[in-house]
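K.L.:
Just passing along the structure, written as structure tokens.
The values are calculated or read from the model by the stated rules, or taken from the named source; none is laboratory data. Since the structure is predicted, the reported quantities are computational estimates derived from the model, not experimental observations. Glycine gets a Cβ as well: all are built from the backbone with ideal geometry, and neighbour counts include every protein chain shown. Note: accessible area is taken over every heavy atom of the protein model, side chains too, but ligands, DNA and RNA are not part of it. Shrake-Rupley method; radii C 1.70, N 1.55, O 1.52, S 1.80 Å.
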Amino acid sequence: MTETEQIWPQAESARYRAAGHWEGVTFGARLRRAAEDHGSRVALVDGDRRWTYAGLDAEADRVARGLRGLGIGRGDRVVVQLPNCAEFVLLWFGLQRLGAVPVHAMPAHRRREISHLVRASGAVACVVPDRHARCDYRELMRSVRAESGPGRPPTVVVVGDPGQEDGFVSFEALRAASPPSPGRTPSDALVSPGADDGGADPCHVALLLLSGGTTGLPKLIPRTHDAYAYNARACAEVCALDDRTVYLAVLPLGFNFSFACPGVLGTLMAGGTVVVAPDPSPQTAFALVEREGVTLTSLTPPLVSPWMDEAASGSWDLGSLAVVQVGGARLPEEQARKLGPALGVTVQQVFGMAEGLINLTRLDDPEDLICATQGRPVSPDDEILVVDADGRPVPDGSAGELLTRGPYTPRGYYRAEEHNRTAFTPDGYYRSGDVVRRLPSGHLVVVGRLKDQINRGGEKIAAVEVEEQLLGHPAITAAALVGVPDERRGERSVAFVVCDGEAPGVREVAAHLKARGLAEYKAPDEVVQVAGLPLTAVGKVDKATLARELLRP
């Protein structure tokens, strides 16, 4: 699948347009319209820096002209690997103004992942900070450029000091090379009247997201202007976003969850304000909630406990905060029930994938649905199948693999035809690999992953089920269940636990799980106490790293 290939069959495309899901507007044009509708309203906040909608629109033009001066144009792919900062948003819309395609990388990615993304996407440029989180990204990019293969290595744009090296240019120099035009108004064009998207077509690819697996190199996911805008807009409607919304971006901006579910894009499309948090600590976030009147934010489950602990100190005024979304992995029910009262908010569970489908609990759902399910699809045209190992649909309430297709779920990965033959069914359903139960209400309960299952002597153990019950132990604050090779059983289960004090032993854990109704074979064979659980670049527990540490001589 390429950047211009028809991603949906023509009949489905026509149906989605007729339903009003696809509006035929590029992101470059959307920002132009937002500047005309909300010109003086604050769109973006990063520390002491603020941009109105008109200012953001003008900045997108300015960045686009600078990028064009580097030879970047329509259809060119650009790897964006920035931490949370306003420059991510400015650059993203500058690329959209050119009709260029940002490739969302995570700040935690290193040489192997970035080299892969450059090769797989054919990127002509990469955008990085100079230094962040003890990593010198300039040194990283020197290695990436050296491995880029034949042809011209990617140009590197650096937010900060680029150093003295050919092929590296500072973001500020790029901007300075293209000063704002005197007397410019929001409706002025970048190149000529109406050219606010480099000639891009709404059905063309607007960005490339990364698959979020915990093993192997990520696949690239093509998201078109029409479909990705609907993704953000449908989530925004469920979340009741409007021009009073103040969204705090805590998770990495390149993460689909924080960028468009509804995230940055959904907030800007509603006329609200996006506030960028430089780190996810509760102290940083709560200070921004107080200062900016934040109403909505998004977390992953590992952040929930520290946020609740900090809120219990009573040092912060969180009165403006109305909704806290939690996604990226299943939020255990016990934590879901505690989070709302701890922060004085409505909890919204989010279960989605960069490949498309997004499920949200509704703000007016009963507490049991909010705390015990991971939501239901945001679009009436999201199609859901829950199937057994032979691909046959199972009845509601039974566990099976989730298959999905719909108006914002592409029909294939980018330039990965061989993988697409197994990742998608012949009739276009994406095989998610998630094991779920569907309730009669349409809400989904995530049971686990097909690949996150431990086969202990022929008995299958869903890791997520055991992990959730482990968190009910008073000493355990975080847990991950990992399967490792075992000569006698094929696999044995190891529980890695973060504890408040001394970790419980194997027998105590087994008794605890039995008391909570789990079968005896699901009790871990070993319990290992750790200071913290390692995370992947997208904030999920990195079980591969845990397994390697355990097996290391």
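K.L.:
I'd like to verify a number: residues in segment 238-281 that are in contact with a His (Cβ under 7 Å, 6 or more places away or on another chain) and surrounded by 24 or more Cβ atoms within 10 Å (Cβ to Cβ), how many?
P.N.:
Matching residues across segment 238-281 total 1.
K.L.:
Go through segment 439-467 and give me each residue that's modelled with pLDDT of 90 or more and surrounded by fewer than 17 Cβ atoms within 10 Å (Cβ to Cβ).
P.N.:
Filtering segment 439-467 down to residues modelled with pLDDT of 90 or more leaves 439-446, 466-467.
Correct list: L439, P440, S441, G442.
K.L.:
Let me ask something additional. Filter segment 469-481 down to residues that are under 13 Å from L513 (Cβ atoms) and out of contact with any Asp or Glu (no Cβ under 7 Å at 6 or more places or on another chain) and give me whichever is most open to solvent (accessible area, probe 1.4 Å). Outline the logic, then answer.
P.N.:
Just the residues of segment 469-481 that are under 13 Å from L513 (Cβ atoms), to begin with: 469-473, 476, 479, 481.
From the residues that got through so far, the ones that are out of contact with any Asp or Glu (no Cβ under 7 Å at 6 or more places or on another chain) too are 469-470, 473, 476.
On the way: Q469: 39, L470: 1, H473: 17, I476: 10 Å².
Here the answer is Q469.
K.L.:
Can you tell me which residue is farthest from P129 (Cα to Cα) among those in segment 76-88 that are open to solvent by 10 Å² or more (accessible area, probe 1.4 Å) and touching a Pro at 6+ places or on another chain (Cβ under 9 Å)?
P.N.:
Of the residues in segment 76-88, the ones open to solvent by 10 Å² or more (accessible area, probe 1.4 Å) are 76-77, 83-85, 87.
Imposing the further condition that a residue be touching a Pro at 6+ places or on another chain (Cβ under 9 Å) reduces the set to 77, 83-85, 87.
Numbers: R77: 18, P83: 8, N84: 10, C85: 10, E87: 10 Å.
Only one residue tops the list, namely R77.
K.L.:
Would you please name the residue that is surrounded by the most Cβ atoms within 10 Å (Cβ to Cβ), looking only at residues in segment 496-517 that are touching a helix residue (DSSP H, G or I) at 6+ places or on another chain (Cβ under 6 Å) and not in a helix (DSSP H, G or I)?
P.N.:
F496
K.L.:
Does segment 447-462 include one or more residues that are among the charged types (D, E, K, R), in contact (Cβ under 8 Å) with a residue 60 or more places away in the chain, over 30 Å from D309 (Cα atoms) and assigned to a strand (DSSP E or B)?
P.N.:
Scanning segment 447-462 turns up at least one residue that is among the charged types (D, E, K, R), in contact (Cβ under 8 Å) with a residue 60 or more places away in the chain, over 30 Å from D309 (Cα atoms) and assigned to a strand (DSSP E or B).
K.L.:
Within segment 131-177, restricting attention to residues that are at pLDDT 95 or above and of a type in the set (K, R), which residue is nearest to V78 (Cα to Cα)?
P.N.:
R145
K.L.:
Also, I was wondering about something else. What single numbered condition from (1) within 23 Å of Q374 (Cβ to Cβ); (2) in a strand (DSSP E or B); (3) touching a residue at least 24 places away in the same chain (Cβ under 8 Å) fails to hold for V484?
P.N.:
Exception for V484: condition (1).
K.L.:
Checking Q325 against (1) assigned to a helix (DSSP H, G or I); (2) of a type in the set (S, T, N, Q); (3) at pLDDT 95 or above, which single condition isn't satisfied?
P.N.:
(1)
K.L.:
Considering only residues that are modelled with pLDDT under 95, assigned to a loop (DSSP other than H, G, I, E, B) and among the aliphatic types (A, V, I, L, M), which ones fall in segment 106-130?
P.N.:
Selection gives M106, A108.
Here is a yes/no grid of residues against (1) within 24 Å of A11 (Cβ to Cβ); (2) assigned to a loop (DSSP other than H, G, I, E, B); (3) among the polar types (S, T, N, Q); (4) at pLDDT below 95:
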| site | (1), (2), (3), (4) |
| --- | --- |
| A329 | no, yes, no, yes |
| V350 | no, no, no, no |
| G356 | yes, yes, no, no |
| D368 | no, no, no, no |
| D390 | no, yes, no, yes |
| D396 | no, yes, no, no |
| G400 | no, no, no, no |
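K.L.:
Need the failing condition index for R291 against (1) part of a loop (DSSP other than H, G, I, E, B); (2) of a type outside the set (A, V, I, L, M); (3) farther than 27 Å from R330 by Cβ, just the number.
P.N.:
(1)
K.L.:
Let me ask you something else. Please go through segment 48-87 and pick out each residue that is more than 25 Å from the chain's Cα centre (by Cα) and within 22 Å of T284 (Cβ to Cβ).
P.N.:
Correct list: D48 only.
K.L.:
Here's a follow-up. Taking the criterion of being open to solvent by 60 Å² or more (accessible area, probe 1.4 Å), touching a residue at least 24 places away in the same chain (Cβ under 8 Å), out of contact with any strand residue (DSSP E or B) (no Cβ under 9 Å at 6 or more places or on another chain) and acidic (D, E), would at least one residue in segment 386-399 satisfy it?
P.N.:
Going residue by residue through segment 386-399, those that are open to solvent by 60 Å² or more (accessible area, probe 1.4 Å) are 389-390, 392-393, 395-396.
Still in the list and also touching a residue at least 24 places away in the same chain (Cβ under 8 Å): 396.
Within this subset, residues satisfying the condition of being out of contact with any strand residue (DSSP E or B) (no Cβ under 9 Å at 6 or more places or on another chain) are none.
No, that holds for no residue.
K.L.:
Looking at segment 324-346, which of its residues are within 18 Å of the chain's Cα centre (by Cα) and farther than 25 Å from A462 by Cα?
P.N.:
We begin by selecting, within segment 324-346, every residue within 18 Å of the chain's Cα centre (by Cα); these are 324-331.
Scanning segment 324-346 gives a single hit, V324.
K.L.:
Which condition does P9 not pass, out of (1) open to solvent by 40 Å² or more (accessible area, probe 1.4 Å); (2) free of Cβ contacts under 8 Å to residues at least 24 places away in the same chain, if it passes all the others?
P.N.:
P9 satisfies every listed condition except (2).
K.L.:
Of all the residues that make up segment 21-75, how many are open to solvent by 20 Å² or more (accessible area, probe 1.4 Å), assigned to a helix (DSSP H, G or I), closer than 27 Å to P278 by Cβ and of a type in the set (G, A, S)?
P.N.:
Of the residues in segment 21-75, 3 are open to solvent by 20 Å² or more (accessible area, probe 1.4 Å), assigned to a helix (DSSP H, G or I), closer than 27 Å to P278 by Cβ and of a type in the set (G, A, S).
K.L.:
Look through segment 518-531, keep the residues that are in a loop (DSSP other than H, G, I, E, B) and in contact with a strand residue (DSSP E or B) (Cβ under 6 Å, 6 or more places away or on another chain), and return whichever of them is least open to solvent (accessible area, probe 1.4 Å). Step through it out loud before you land on a result.
P.N.:
Pass one, segment 518-531, residues in a loop (DSSP other than H, G, I, E, B): 518-519, 523-525, 530-531.
Imposing the further condition that a residue be in contact with a strand residue (DSSP E or B) (Cβ under 6 Å, 6 or more places away or on another chain) reduces the set to 524-525, 530.
Details: P524: 5, D525: 45, V530: 37 Å².
If we take residues in segment 518-531 being in a loop (DSSP other than H, G, I, E, B) and in contact with a strand residue (DSSP E or B) (Cβ under 6 Å, 6 or more places away or on another chain), then P524 is least open to solvent (accessible area, probe 1.4 Å).
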